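Structure record follows, encoded as structure tokens.
The values are calculated or read from the model by the stated rules, or taken from the named source; none is laboratory data. In this text, all values refer to a predicted model and were calculated from it rather than measured experimentally. Don't worry about glycine lacking a Cβ; one is built from the backbone with ideal geometry, like all the others, and counts go over all protein chains shown.
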Amino acid sequence: MISKYIKNGFVILDTPYEENYIKKLKSEIGSLFKKDEEVSLSVSDIDNKEIFNKIIKILDTNEIQKFTESLSNHFNTKVSILPNLHIMRNYHVNRLKTNRIGWHRDVTSEFQYTYCKNKINSDKYVFGKVGIFLQENSEDFGGAVDLIPGSHLNIKKNIFLRILSSLRLQFLVFLQKKLLNFYKILPEEFYIFILGAKKTNAKPGSPIFFDSRVQHRGSPIKDKFLSNSRRLGDTHILVPKTYTKISIYAYFGSTDGADSYIYARTKRESAGYKKYFSGWLKEVDKYKDYKGLYKSMLSIINPLKEKYKDN
């Protein structure tokens, strides 16, 4: 698993849960959303203790624990599941209108700061997301994530080589933005092929770990279904209830990875981001009944307390 993660920038783990359990959990989580326009929910804000416990447990399985331990051993630095633990509903891509056709790196904002770029290029940098998708990645309405294998490796190249390596994607973004009628003639499968991308096809409930430097996006909805689906924003689309997309997300990483991420967040203008680290501490405290996970999270963020104590 580690060799696949290092090479591709992502890996799909097995899930210990049966199909019926995942279907029931999806229905239970769906019931927490009261309005169509609600698209996200922090796990720490869930009052229903039974559902809360199920979500924590699905993010703390033996499979996940073994993988983060393997990352720790490989990179010689402690790696853990980290905040924010959150639920996303109906995060979809409209390939005809979504900015950059949905493709992005979670690490983009960190490129603005020399401090972060030094961290990103270090051997101790481990940071990314784990997504657990509670439905199949259907051909018509998506349901999981697309990724470009190996796209994280370009980060360590100089900026010229990084730009050069992204020319294929930039060309497709240009077509979508400026020559849409031409762009939509060809099916998305063709563009996936051109990019060397992969549409994940994991069993519902399977954790997908991906490096924050990997180009990825929510799997798009087919064009013919867009007219019957209500757009809630650039990346959220209300689809028929049968195809509602529920995703459980958490961050994972090392202390260096978390440091780079938090540093960039606290530099944002919004006042809420100035206390981003204290928000992490408050959230972690909600998981103190889960001794292993709680201790693991603290081992990553405790070394950063002094640095971000005033934020």
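Structure notes:
Yes or no, residue by residue, for (1) under 16 Å from the mean Cα position of the chain (by Cα); (2) within 26 Å of residue 60 (Cα to Cα):
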residue	(1), (2)
102	yes, no
112	no, no
122	no, no
129	yes, yes
169	no, no
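- Selection count, the stretch 57-90, where residues are out of contact with any Pro (no Cβ under 7 Å at 6 or more places or on another chain) and not in a helix (DSSP H, G or I): 17
- Candidate set: the stretch 263-311, residues that are free of Cβ contacts under 8 Å to residues at least 40 places away in the same chain and of a type in the set (Asp, Glu); chosen: the one nearest to residue 64 (Cα to Cα): 289
- Counted residues, the stretch 25-43 - those being in contact with a helix residue (DSSP H, G or I) (Cβ under 9 Å, 6 or more places away or on another chain), assigned to a helix (DSSP H, G or I) and surrounded by fewer than 18 Cβ atoms within 10 Å (Cβ to Cβ): 2
- Filter pass, residue 234 being of a type in the set (Asp, Glu) and under 16 Å from the mean Cα position of the chain (by Cα): no
- Just so you know, in the stretch 107-151 the residues that are among the acidic types (Asp, Glu), modelled with pLDDT under 95 and surrounded by fewer than 22 Cβ atoms within 10 Å (Cβ to Cβ) include one that is farthest from residue 80 (Cα to Cα), and it is 140.
- Set 246, 159, 155: member being at pLDDT 90 or above and either among the polar types (S, T, N, Q) or over 16 Å from residue 98 (Cα atoms) (or both): 246
Quick grid of which residues meet (1) without any contact (Cβ under 8 Å) to a residue 60 or more places away in the chain; (2) among the β-branched types (Val, Ile, Thr); (3) not in a helix (DSSP H, G or I):
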| position | (1), (2), (3) |
| --- | --- |
| 106 | no, no, yes |
| 109 | no, no, no |
| 119 | no, no, no |
| 123 | yes, no, yes |
| 128 | no, no, yes |
| 136 | no, no, yes |
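- The set of residues in the stretch 34-49 being over 15 Å from residue 290 (Cβ atoms) and free of Cβ contacts under 8 Å to residues at least 40 places away in the same chain consists of 34, 35, 45, 47, 48.
- In the stretch 5-19, the qualifying residues are those that are part of a helix (DSSP H, G or I) and not aliphatic (A, V, I, L, M), and the one that is surrounded by the fewest Cβ atoms within 10 Å (Cβ to Cβ) is 19.
- Members of the stretch 176-230 that are of a type in the set (Phe, Trp, Tyr), out of contact with any Gly (no Cβ under 7 Å at 6 or more places or on another chain) and surrounded by 12 or more Cβ atoms within 10 Å (Cβ to Cβ): 183, 191, 225
- Count of residues meeting criterion [within 25 Å of residue 126 (Cβ to Cβ) and of a type in the set (Val, Ile, Thr)] in the stretch 191-235: 3
- In the stretch 91-104, the residues that are touching a Ser or Thr at 6+ places or on another chain (Cβ under 9 Å) and in a helix (DSSP H, G or I): 99, 102
- Checked against (1) buried (at least 17 other Cβ atoms within 10 Å of the Cβ); (2) under 21 Å from residue 287 (Cα atoms), residue 22 meets all criteria but (2).
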